Amino acid sequence: MMGALLIKTGAVTDREARELEKIAKEYDRPSWSYAYVFDKLKEERQRGITIDLAFRKFETNSKYFTIIDAPGHADFVKNMITGASQADAAILVVSGKKGEMEVGIAANGQTREHAYLAQTLGVKQLVVAINKADNYDYSEDRYNECKESISGLLKQIGYPVKNIKFVPTSGMTGENLTTKSDKMPWYDGPTLIDAIDEFEIPPKPTDKPLRVPIQDAYRIKGTGVVPVGRVETGILKKGDKIIIMPTGFTGEIRSIEMHHEEIPQAEPGDNIGFSIRGIELKDVGRGDCMGHPTDVPTVVLPSGNWTGQIIVIWHPTAIAQGYTPVIHTHTAQVAAKFMELNKKLDQKTGAVIEDSPKFIKRNESAIVKLQPIKKLCIEKYEDIPEMGRFAVRDMGRTVCVGIVRDLETGA
């Protein structure tokens with residue numbers, strides 16, 4: 001669907017589109033050339049699923065977007081979390097095919113998990129694409145059925161459903177992506193590109209300290225090590241002195257690039273690569289965070305802890321003291337231990353229902369104390385919300401989502 005959208009908006013050249021068609025034929029999947037716009041890894045092309053994140057830029061009538069194609073497949077949700085933590089808005093793609101949508105929004109469904117994660121990771125704006133219209137015969141009844149079920153789910157999670165556009169689309173045949181489809185005369189809403197164009201640009205937290213969570217670092221011939229990441233808060237300028245935590249590396253920014261073009265400074269929301277004098281791969285990696293030496297990113301040590309307010313969205317039994325799953329926050333993934341269960345809360349009012357509960361289970365909200373197994377960059381939600389949210393994962397599933405209320409860095 002996104003591949004088709006990029007080709008239709010001209011973000012992918014005709015030449016590139018023709019090359020992708022050729023590759024798709026070689027893999028004996030001629031109808032998949034659109035997907036290959038993003039799926040560059042050999043394994044992705046062979047398996048036909050998105051594994052890692054891909055970034056492309058495209059333009060609508062009034063805005064310029066970086067699109068992050070994030071995996072939906074359960075095995076790769078950890079990469080999807082890294083993607084969602086870098087996004088201002090999302091297109092939630094739901095299959096309109098009979099049976100598939102129902103599975104997605106069920107108690108342990110993929111759509112449900114993605115919607116919860118998007119909300120926790122701070123994605124405030126959504127468009128829902130009810131895809132595979134060619135599969136549900138462009139039926140208005142089926143569209144309404146899907147819309148109603150998904151609205152119910154989004155309401156429960158806390159999205160303002162009345163502001164959300166639901167667009168019936170077909171990625172395969174390109175219906176309603178950039179031009180109105182004549183196969184669905186009953187639909188009078190915007191096309192997908194028009195719905196995206198209506199997103200509001202969020203205010204940029206330029207007045208806050210600089211925080212750039214690192215998504216990856218690459219060794220590039222002739223340039224050296226180039227870290228990449230998204231500016232969450234603050235402003236980064238060429239020539240700035242910087243510090244990377246928790247490694248403690250300090251250096252100076254030589255150049256900043258966005259979409260292969262050099263830029264003098266980067267602001268919140270920019271996905272950038274940058275070169276730093278003297279940096280090596282051991283100094284920087286996914287999950288680290290860059291800031292200015294005058295306001296160093298906060299690091300919680302294994303001897304420290306943080307207090308989180310969480311909601312359990314799934315667990316086969318219950319969470320008790322000592323439980324040690326993996327915590328995902330911005331681009332970091334670190335195991336952490338539930339040291340204390342302090343309070344159980346009423347989900348709707350936030351009032352305390354029980355002090356020091358023995359355990360917490362699905363759909364319950366609580367205040368807990370967590371201790372990371374290794375150093376972790378994280379901030380208080382009230383200081384820097386962009387760096388103060390986290391998700392807890394275990395057994396290949398998202399167990400709970402939460403925000404950082406308080407922290408002790410540890411000696």
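The values are calculated or read from the model by the stated rules, or taken from the named source; none is laboratory data. If you're wondering where the values come from, they're calculated on a predicted model, not measured in any experiment. With ideal geometry, Cβ positions are generated from the backbone for all residues, glycine too; neighbour counts draw on all protein chains shown.
Is the range 224-238 home to any residue that is modelled with pLDDT of 95 or more, β-branched (Val, Ile, Thr) and assigned to a strand (DSSP E or B)? Scanning the range 224-238, I find at least one residue that is modelled with pLDDT of 95 or more, β-branched (Val, Ile, Thr) and assigned to a strand (DSSP E or B), so the answer is yes.
Restricting attention to the range 145-177, the residues that are buried (at least 20 other Cβ atoms within 10 Å of the Cβ) and part of a loop (DSSP other than H, G, I, E, B) add up to 5.
Rundown of residues vs (1) under 30 Å from ASP207 (Cα atoms); (2) modelled with pLDDT under 95, yes/no style:
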residue: PRO325; (1), (2): no, no
residue: GLU340; (1), (2): no, no
residue: ASP346; (1), (2): no, yes
residue: THR349; (1), (2): no, yes
residue: VAL352; (1), (2): no, yes
residue: ARG362; (1), (2): no, yes
residue: ILE373; (1), (2): no, no
residue: PRO385; (1), (2): yes, yes
residue: ASP394; (1), (2): no, yes
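Going by what's in this entry, would TYR218 be described as within 30 Å of ARG393 (Cβ to Cβ) and assigned by TED's automatic domain parsing to the domain that holds GLU257? Even if it seems obvious, please write down each step before you answer.
Values: within 30 Å of ARG393 (Cβ to Cβ): yes; assigned by TED's automatic domain parsing to the domain that holds GLU257: yes.
Yes.
Taking every residue in the range 56-68 that is over 15 Å from ALA195 (Cα atoms) and pairing it with any residue that is surrounded by fewer than 13 Cβ atoms within 10 Å (Cβ to Cβ), at least 6 positions away or on another chain, the pairs with Cβ-Cβ distances below 7 Å are LYS57/TYR64.
I'd like to know if the range 265-274 contains one or more residues that are β-branched (Val, Ile, Thr), assigned to a strand (DSSP E or B) and either touching a His at 6+ places or on another chain (Cβ under 8 Å) or assigned by TED's automatic domain parsing to the domain that holds LYS369 (or both). Steps first, answer last, please.
Step one: of the range 265-274, the residues β-branched (Val, Ile, Thr) are 272.
Applying the additional criterion that residues be assigned to a strand (DSSP E or B) yields 272.
With the extra rule that they be either touching a His at 6+ places or on another chain (Cβ under 8 Å) or assigned by TED's automatic domain parsing to the domain that holds LYS369 (or both), the set shrinks to none.
Looking for residues that are β-branched (Val, Ile, Thr), assigned to a strand (DSSP E or B) and either touching a His at 6+ places or on another chain (Cβ under 8 Å) or assigned by TED's automatic domain parsing to the domain that holds LYS369 (or both), one finds none in the range 265-274, hence no.
With respect to the conditions (1) over 22 Å from LEU117 (Cα atoms); (2) under 18 Å from the mean Cα position of the chain (by Cα), PRO357 falls short on a single one, namely (2).
Annotation note: Cβ proximity below 9 Å between a residue of the range 23-34 that is in a helix (DSSP H, G or I) and modelled with pLDDT of 65 or more and a residue that is surrounded by fewer than 18 Cβ atoms within 10 Å (Cβ to Cβ) and not hydrophobic (A, V, I, L, M, F, W, C) (sequence gap 6+ or interchain) occurs for ALA24/PRO30; ALA24/SER31.
Yes/no per residue for (1) crowded, with 21+ Cβ neighbours inside 10 Å; (2) assigned to a strand (DSSP E or B); (3) without any contact (Cβ under 8 Å) to a residue 12 or more places away in the chain:
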| residue | (1), (2), (3) |
| --- | --- |
| GLN333 | no, yes, no |
| LYS337 | no, yes, no |
| LEU341 | yes, yes, no |
| GLU354 | no, yes, yes |
| ARG362 | no, no, no |
| LEU370 | yes, yes, no |
| LYS374 | no, no, no |
| GLU379 | yes, no, no |
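Taking the criterion of being in contact (Cβ under 8 Å) with a residue 40 or more places away in the chain and more than 15 Å from TYR159 (Cβ to Cβ), the residues of the range 96-128 that qualify are GLY96, LYS98, MET101, GLU102, ALA107, ASN108. Residues considered: GLY285, GLY291. Of these, the only one that is touching a residue at least 40 places away in the same chain (Cβ under 8 Å), on the phi < 0 side of the Ramachandran plot, assigned to a strand (DSSP E or B) and surrounded by 15 or more Cβ atoms within 10 Å (Cβ to Cβ) is GLY291. If the condition is being among the polar types (S, T, N, Q) and not in a helix (DSSP H, G or I), then the range 104-144 contributes ASN108, GLN125, ASN131, ASN135, SER139.
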